[in-house]
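Read through the structure below, which is laid out as structure tokens, and then see the notes.
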Amino acid sequence: MNDMWQQPLIWVQTHFDAWVIFGFAGQFLFMMRFIYQWIASEKARKSVMPEAFWYFSLGGGLVVFVYALHKQDPVFILGQGLGVFIYLRNIYFIWRHRRNPASS
């Protein structure tokens with residue numbers, strides 16, 4: 001019985017280090033933005049982009065960007081780096097509109 005659990009545990013120990021868990025956390029944040037948007041659209045009975053979508057996007061983008069830097073993956077570095085800029089820009093627009101609603 002002990003041997004049955006030994007192989008899966010060895011696999012987990014060799015494949016799931018802190019960086020992999022960190023990368024999965026970023027992917028989880030990305031998944032949550034879609035779920036949050038889906039629920040908001042269902043409630044409104046139309047397509048909506050709630051503010052929290054951009055915060056989940058930024059959180060997931062930053063986590064995956066740092067993970068990509070660690071892995072030295074130029075595809076993810078470029079893709080997530082651009083995404084982080086876009087998410088920050090949208091959050092800036094939200095904050096600017098809050099401070100001065102007449103400016104938009």
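Bear in mind these aren't lab numbers, they're just calculated from the coordinates by the rules spelled out. Small disclaimer: the values here were computed from a predicted structure and weren't measured. For neighbour counting, all protein chains shown are included, and Cβ atoms are generated from backbone atoms with ideal geometry for every residue, glycine included.
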Over segment 34-104, relative contact order from alpha-carbon pairs under 8 Å, at least 6 apart, %: 25 percent
Which length gain, in nm to one decimal place, applies between Tyr36 and Leu69 when the Cα-Cα distance is subtracted from 0.36 nm times their residue separation? 9.1 nm
Relative packing of peptides 24-33, 55-64, 90-99 - highest average C-beta neighbours within 10 Å first: 55-64, 24-33, 90-99
Which distance in Å, rounded to a whole number, links the C-alpha centroids of segment 22-60 and segment 65-84? 20 Å
Under the rule a/c < 1.5 gives rounded, and otherwise a/b versus b/c splits prolate from oblate, where does segment 34-104 land using the Cα gyration tensor? oblate
Residues listed by number, segment 72-97, amide nitrogen under 20 Å from Val20 label point at 7 Å toward C-beta: 72-73, 76
